[in-house]
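Down below is the structure, laid out as structure tokens.
A short reminder: the numbers here are calculations on the coordinates, not readings from a lab. Keep in mind the model is a prediction, meaning the values are calculated, not measured. Backbone-built Cβ (ideal geometry, glycine too); neighbour counts: all protein chains shown.
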Amino acid sequence: MKTVMLLAMAAAVGAAQTPRTNPLAGNPKAAEEGRVAFRGSCSLCHGIKGEGGRGPDLTIGNYSVGSTDGDLYGVISEGAAGTEMPGFAARYESDDIWRLVSYLRSISGSGTSRVTGNVSNGEQLFWTKGQCGQCHLVNGRGKRMGPDLSQVGRTRSAKYLRESLVNPGLDLTPGYQMITVVTKDGKKIVGAQRSYDDFSVQLMDASENYYSFQKSDVASIKQEYKSLMPDTYGKLFSEAELNDVVAYMTTLRGTRR
Amino acid sequence: MNRALLILLALAGAVTAAEITPERLLQAQSDPNTWLMYSKNYSGWRYSELKQINTTNVRRLAPAWQFQTGVTGKFETSPLVFDGMMYVTGPTNHAYALDLATGRQIWHYSKPLPPGVSICCGQVNRGFAALGNKLFKLNLEATLVAMDAKTGAVLWETQIDDIKKGYSGTVAPLVVKNKVILGVAGAEYGIRGFIDAYDADTGKRAWRFWTVAGPDDQGGASWGGDSWQRGGGSIWVTGTYDPETNLTYWGTGNPGPDWNGDQRPGDNLYTTSVVALDVDTGKLKWHFQNTPHDVHDWDSISDPIPIDSVINGQKVKAIVQANRNGYFYALDRASGRFLYAKPYTKVTWSDGIDAKGRPILIPGQDPTADGNKSCPAVGGGHNWQATTFNVQTGWYYFTTTEGCQTYYKNHQEFREGLLYTGSTGSPLPLEPTSGAVIAMDPGNGAIKWKFELVSPPPSGLVSTAGGLVFAGTREGHFMALDAKTGKVLWKYQTGGIVIAPPITYALNGRQYVAVAAGSTMLTFALPE
């Protein structure tokens, strides 16, 4: 019955008496118990091993909510305002939340491949040779067919970013499926999905034009779970250049709300 | 003019109010104006004789009224309609009586959710049951409430079991004779599930059937160690009833922990089964376990539907069910004898069902620590969404999710009131699931047509003698399909996900179709 686990619970417990450091720190059993709880309650958004997904990558070890045990306890307990992260205070007792903190500490840093590139060189490559701004937006600069990358360094690990550059089809940001429409007069329109249902499709093309089509009005509509991003960056960029672009992207952390 | 005649004339302007008697419930199918129980009749057919709205005119179907609850959450109710009123349950312990002609609210019931209620899958409710002048509803905190249908006032409220043990309630009860029959949820929190019957007058419990056999019960040997104590077996969907056998049929949910079978060796009776209980005593007459030792969370919770069919050339009084494990089953409803099973979607975990009804397992399909792909996905196949048997076509209609999923498992210590699932399932990122509405010949499991949907279908169905099947989609469409061909004859964008099953009824000679979408109850009729 749990196709979708609705875990949003009212955050009821104040954090006034919560210790600032994890009383279970250094206890390997606590981390293991936290791992089990994580799979049940957190993995839907944060990935089965904390590698990120709809929610941020937790293996980087760099958290937008703060870095102390108390900060992590607070966000698990109360949720993160302005995000989809719910609070779990009503579901978990204090020790359970500390077990989750223990698990997060145990995976912290595991997903960060060392970023060796040059950030400013990477920024240059991103906007010029890579032409990434033709489809992506960063802090208001660029175009809007592809996902906004303004805080991608916060939500994805360097390893994931590198993989995505070389092989963009490995994972697809939800809601950015590739849509191909062929009209009855043979015109072909390709773009990124904005909405798709049994009777119609709405999409944006690379020139940022919106289209809306009824299935009954066109020759065909094809939805593909593949990225519109070229898969040629592995050839276009040298290894060093790829490292530079990844280094730049890890600095894109948005503004803290 | 005499006084009696005057009163009669005065009554003519009012809707006739007749008490809901057990006899009236037995005859529910023969009154197309009303909708007296979860699935229209005791057989769970969700089929109406109404045909004012039909294949030739449904394209003109238009909104009549809408009622916005303002309550967020999944709106899964199947409304009841009688005495000029529509009775609607909402999420999070809300309920309403609405004037059937206008949609205006007559009363509103709500009860704050106490802290500490563990609910797997949304703070939902699937509807009322009715008897006499009372309505019966489960509250999330595992209570059964009896209300005065005229006012919504609580007449009695019975605690079914302890929320601290993980029990909760979402199902629409089934009223048979003077009993209110229901089941509990909580298999994701280590409950030992059951089906209960309560006296409709007093709220006193009449019987209990444990969906997880204890050590001294028949079937108790199917649980290793003390795993039965937290063996799961939720009840999510209302059962059916056959007056001829005097049996009530219920589908039971998964064993717990869901994805780690190592912690509960054995077949785990009576989880993921259809159970047939004597309605007077709650005694088990027969059981059929679809998925022995389930490790994929394939609840057997689809409506178990009594129909008379011709199977293998013989007339049979059958129970049919589109099971979440990907197979469509037919059983003899008097004995539980297995008749046949046939896959209706992609199945990779088993190589068919043997002559006794037991799945022939394919090795390597169970959840693992690093994840294992298997089909169907965790939601099925067909899940809890209400189905319909159309008397006119003789076909059975249900929705299905098409696709696969990665299944993980973990050892998990049980702690009371905490999630106890033994890991999880996760979607395959580049292989999204889709959906379909299926029309099936229940005599042989042949798919007559399949209307494909871009997303897994969340809604239930209703079908009519007007040759129509109504269905809703995740993206908010409510639509009428031709029962014979599956062709879309009408659609309407409701603006909210359609999770609930539709119903149909008539008022003053006009047929309506009603369905909950988003947080709104919508009704439709042909223009006057």
key: Alpha carbon Rg of chain A, scaled by the compact-globule rule 2.2 N^0.38 Å   = 1.16
message = Tell me the net charge near residue A:226. Cut-off is 14 Å between Cβ atoms, residue A:226 excluded, with +1 for each Lys or Arg and -1 for each Asp or Glu.
response = -3
query = To two decimal places, what compactness ratio does the range B:18-525 give when its Cα radius of gyration is scaled by 2.2 N^0.38 Å?
reply = 0.89
message = Which of the three applies to the range A:28-107, rounded, prolate or oblate, going by the alpha-carbon gyration tensor with a ≥ b ≥ c and a/c under 1.5 meaning rounded?
response = rounded
remark   = Using alpha-carbon coordinates alone, the radius of gyration and Dmax of the range A:46-90 in Å work out to 10.3, 28
ask   = Counting DSSP beta bridges with both partners in chain B, what percentage is antiparallel, nearest 5?
value = 95
inquiry  = For the range B:224-366, I need the span (max minus min coordinate) of the C-alpha atoms along each principal axis, in Å, sorted largest to smallest.
reply    = 41, 35, 22
inquiry  = Shape verdict for the range A:178-224, please, from the Cα gyration tensor: rounded (a/c under 1.5), prolate (a/b greater than b/c) or oblate.
reply    = oblate
ask   = How large is the dipole of the protein assembly as shown about the Cα centre if only Lys and Arg carry +1 and Asp and Glu carry -1, each at its Cβ, rounded to the nearest 20 debye?
value = 1220
remark   = Rounded to the nearest 10 degrees, the helix B:3-12 long axis (Cα) sits at an angle to the longest Cα principal axis of chain B of 50
message = What translational diffusion coefficient, to the nearest whole µm²/s, does the range A:19-66 have by Stokes-Einstein, given a Kirkwood radius computed over alpha-carbon pairs, a temperature of 20 °C and 1.002 mPa s viscosity?
response = 183
ask   = Do the sum for chain B: with -39,500 (n - 2.57) for every DSSP H run of n ≥ 4, divided by all residues, what is the mean residue ellipticity at 222 nm, to the nearest 500 deg cm²/dmol?
value = -500 deg cm²/dmol
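Summing Lys, Arg as +1 and Asp, Glu as -1, what charge do residues with Cβ under 13 Å from the Cβ of residue A:105 carry, residue A:105 excluded?
Every neighbour counted, the sum reads -1.
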key: Relative pair counts by distance (%), Cα atoms of the range B:276-330, 5 Å bins   = 4, 17, 21, 22, 20, 12, 4, 0
Over 16 Å [Cα-Cα, the range B:79-170], rounded percent = 51
ask   = Which FRET efficiency, nearest 0.05, do residue B:520 and residue A:251 yield, Cβ-Cβ r, R0 45 Å?
value = 0.50
ask   = What share of Cα pairs, in percent, lie more than 18 angstrom apart in the range A:130-221?
value = 51
Residue B:528 versus residue B:444: modelled label distance in nm, points set 7 Å from Cα along the beta carbon direction = 4.9
ask   = When we measure straight from the Cα of residue B:346, which aspartates and glutamates land under 19 angstrom away, once same-chain ones fewer than 8 places off are left out?
value = B:294, B:297, B:299, B:354, B:366, B:402, B:431, B:441, B:452
query = Tally Lys and Arg at +1 and Asp and Glu at -1 over the other residues with C-beta under 14 Å from the C-beta of residue B:467: what net charge comes out?
reply = +3
key: FRET efficiency estimate (nearest 0.05) - Cβ-Cβ, residue B:105 to residue A:232, R0 51 angstrom   = 0.25
query = Dividing the convex hull volume of the alpha carbon atoms of the protein assembly as shown by its residue count, what do you get in Å³ per residue?
reply = 179
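Longer than 19 Å from Cα to Cα, which of B:40/B:450; B:40/B:448; B:134/B:204 are they? Say none if no pair is. Don't jump to the answer; show the numbers that get you there.
Working: B:40/B:450 24 Å; B:40/B:448 24 Å; B:134/B:204 15 Å.
In this structure, B:40/B:450; B:40/B:448 lie more than 19 Å apart at Cα.
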Inter-label distance for residue A:167 and residue B:312, nm, one decimal - labels placed 7 Å from Cα along Cα-to-Cβ = 5.0
inquiry  = If the reach is capped at under 13 angstrom between alpha carbons, list the aspartates and glutamates near residue A:129, excluding any in the same chain fewer than eight residues apart.
reply    = A:241, A:244
task = Output the pairs from B:51/B:484; B:111/B:137; A:226/B:342; B:51/B:491; B:74/B:373; B:74/B:487 with a Cα-Cα distance over 22 Å in this structure; if there are none, say none.
result = A:226/B:342; B:74/B:373; B:74/B:487
Cα gyration tensor shape of the range B:377-423, rounded if a/c is under 1.5, else prolate or oblate by comparing a/b with b/c = oblate
